[in-house]
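So the structure is just underneath, and the comments pick up after that.
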Amino acid sequence: MEQGILTLCATPIGNLEDITYRAVRLMTEADFIAAEDTRHTKKLLNHFDIHTRLISYHEHNKIEKGPELIQLLKDGKNIVLVTDAGTPGISDPGEDLVRLALAEGITVTSAPGCVAGITALIISGQVTRRFIFEGFLPSNKKEKAEVLARLKDETRTVILYEAPHRLIKTLESLYEALGDRDITITKELTKKHEKVVKTSLGKALELYNDEEPRGEYVLVLAGRDEKEIKEEIQEGWTSLSIEDHMEVYLSKGMDEKSAMKQVAKDRGVSKRDIYAVIHK
């Protein structure tokens, strides 16, 4: 028997006009639609007159439901996987189902469309050439501190998701850990009350002293300036004497010529300057 296909299908993040013709066709033709919240997805299906059977698949039942969906696929059933809004497999259990399917040799494909993080990034005014996606910061204090520590020297633009009731706390945590970094705060993307505010972490905290956070947020945080990091590193090295700095590399087995070259690079000076001190 020929196996079915698992299709990760993007759905609108707000504006229903953002659905694709292909998404509607695939959901109509599928044997089953696996949805994060069947009640939410039912409204979408009703709008487009789709009557495909829904199966609940979410974070709290994925261990039980995952193998059931895999068996249906093995039995030749085609399944479309959707999340509440946007592209499944990003910050949701879709990634677990994909791994299970691939491990069983089942074909996995995608019907691309809306992604809240990318939508926010391209209208943020922040650097888009290099970026990372962090999703939601961990709720566990230790894990959250570890993530923030890694982000401190991150030079790429950072995309974060946040719920309204956690927004202020997250902005405070970012400000304390990273300093007053530039940030673009977006909410209700593609909806009637879409809002995009390009500001700084400090000013954002002032804003929400007077305005209660409402809606779903995507935060686009500027990366740290590479020149600033380089200067900080150089300041750290210059706290050592050139002789002690040389010894750091010589003790690691570097020859003198290579060590001088690295010391000069660390300190932002010429190799001739280092040579003059070592052989004065």
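Look through the stretch 18-48, keep the residues that are touching a strand residue (DSSP E or B) at 6+ places or on another chain (Cβ under 8 Å) and free of Cβ contacts under 8 Å to residues at least 24 places away in the same chain, and return whichever of them is nearest to Ala111 (Cα to Cα).
Among residues in the stretch 18-48 that are touching a strand residue (DSSP E or B) at 6+ places or on another chain (Cβ under 8 Å) and free of Cβ contacts under 8 Å to residues at least 24 places away in the same chain, the one nearest to Ala111 (Cα to Cα) is Leu45.
Contact list please: Cβ distance under 9 Å, first residue in the stretch 1-17 and under 15 Å from Glu194 (Cα atoms), second residue in a strand (DSSP E or B) and not basic (Lys, Arg), pairs at least six apart or on different chains.
Short answer, once both residue conditions are applied: Pro12/Gly86; Ile13/Gly86.
Of the numbered conditions (1) modelled with pLDDT under 75; (2) part of a loop (DSSP other than H, G, I, E, B); (3) within 19 Å of Ile183 (Cα to Cα), Glu228 fails exactly one; give the number of that condition.
With (1) modelled with pLDDT under 75; (2) part of a loop (DSSP other than H, G, I, E, B); (3) within 19 Å of Ile183 (Cα to Cα) applied to Glu228, the lone miss is (2).
Results for (1) out of contact with any helix residue (DSSP H, G or I) (no Cβ under 8 Å at 6 or more places or on another chain); (2) in a loop (DSSP other than H, G, I, E, B); (3) closer than 20 Å to Ala116 by Cβ; (4) not acidic (Asp, Glu), shown as yes or no for each residue.
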site: Glu2; (1), (2), (3), (4): yes, yes, no, no
site: Leu6; (1), (2), (3), (4): no, no, no, yes
site: Gly14; (1), (2), (3), (4): yes, yes, yes, yes
site: Glu17; (1), (2), (3), (4): yes, no, yes, no
site: Val24; (1), (2), (3), (4): yes, no, no, yes
site: Ile33; (1), (2), (3), (4): no, no, no, yes
site: His40; (1), (2), (3), (4): yes, no, yes, yes
site: Leu44; (1), (2), (3), (4): no, no, yes, yes
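Yes or no: the stretch 37-55 includes at least one residue that is more than 25 Å from the chain's Cα centre (by Cα) and acidic (Asp, Glu). Step through it out loud before you land on a result.
As a first pass, look at the stretch 37-55 and keep what is more than 25 Å from the chain's Cα centre (by Cα): 38-39, 42-55.
When the remaining residues are screened for being acidic (Asp, Glu), the result is 49.
Taking every residue of the stretch 37-55 in turn, at least one turns out to be more than 25 Å from the chain's Cα centre (by Cα) and acidic (Asp, Glu).
Residues that are within 30 Å of Leu16 (Cα to Cα), open to solvent by 90 Å² or more (accessible area, probe 1.4 Å), assigned to a loop (DSSP other than H, G, I, E, B) and modelled with pLDDT under 90: does the stretch 240-256 have at least one?
No, the stretch 240-256 contains no residue that is within 30 Å of Leu16 (Cα to Cα), open to solvent by 90 Å² or more (accessible area, probe 1.4 Å), assigned to a loop (DSSP other than H, G, I, E, B) and modelled with pLDDT under 90.
Residues to consider are Ile168, Ile118; find the one that is within 22 Å of Thr87 (Cβ to Cβ), among the hydrophobic types (A, V, I, L, M, F, W, C) and in a helix (DSSP H, G or I).
The unique qualifying residue is Ile118.
For the stretch 181-198, which residues satisfy the criterion of being in contact with a Gly (Cβ under 6 Å, 6 or more places away or on another chain) and without any contact (Cβ under 8 Å) to a residue 40 or more places away in the chain?
Lys187
Can you tell me how many residues within the stretch 109-128 are under 28 Å from Arg224 (Cα atoms) and either without any contact (Cβ under 8 Å) to a residue 12 or more places away in the chain or open to solvent by 40 Å² or more (accessible area, probe 1.4 Å) (or both)?
6
Anything in the stretch 46-88 that is open to solvent by less than 10 Å² (accessible area, probe 1.4 Å), closer than 30 Å to Lys187 by Cα and not in a strand (DSSP E or B)? List them, or say none.
Selection gives Ile50, Tyr57, Pro88.
One residue is enough: does the stretch 49-63 have a residue meeting the conditions free of Cβ contacts under 8 Å to residues at least 12 places away in the same chain, on the phi > 0 side of the Ramachandran plot and not aromatic (Phe, Trp, Tyr)?
Yes, the stretch 49-63 has at least one match.
Can you tell me how many residues within the stretch 91-103 are open to solvent by 60 Å² or more (accessible area, probe 1.4 Å), out of contact with any helix residue (DSSP H, G or I) (no Cβ under 6 Å at 6 or more places or on another chain) and over 16 Å from Tyr217 (Cβ atoms)?
Number satisfying all stated conditions: 4.
Among the listed residues Leu178, Leu201, Leu219, identify the single one that is closer than 20 Å to Phe133 by Cβ, touching a Ser or Thr at 6+ places or on another chain (Cβ under 9 Å), open to solvent by less than 30 Å² (accessible area, probe 1.4 Å) and touching a residue at least 24 places away in the same chain (Cβ under 8 Å). Spell out the reasoning first.
Numbers: Leu178 fails: touching a Ser or Thr at 6+ places or on another chain (Cβ under 9 Å); Leu201 fails: touching a Ser or Thr at 6+ places or on another chain (Cβ under 9 Å).
Leu219 is the lone residue from the list that is closer than 20 Å to Phe133 by Cβ, touching a Ser or Thr at 6+ places or on another chain (Cβ under 9 Å), open to solvent by less than 30 Å² (accessible area, probe 1.4 Å) and touching a residue at least 24 places away in the same chain (Cβ under 8 Å).
Can you report the number of residues in the stretch 131-140 which are open to solvent by 80 Å² or more (accessible area, probe 1.4 Å) and either farther than 22 Å from Asp225 by Cα or charged (D, E, K, R) (or both)?
The qualifying residues number 2.
Is there a residue being at pLDDT below 95 and not in a helix (DSSP H, G or I) anywhere in the stretch 93-105?
Yes - at least one qualifying residue is present in the stretch 93-105.
The values are calculated or read from the model by the stated rules, or taken from the named source; none is laboratory data. Here the structure is a predicted model, which means the values were calculated and not measured. Reconstructed Cβ throughout: ideal geometry from the backbone, glycine too, with neighbour counts over all protein chains shown. Only protein heavy atoms, including side chains, enter the accessible area calculation; ligands, DNA and RNA are left aside. Shrake-Rupley method; radii C 1.70, N 1.55, O 1.52, S 1.80 Å.
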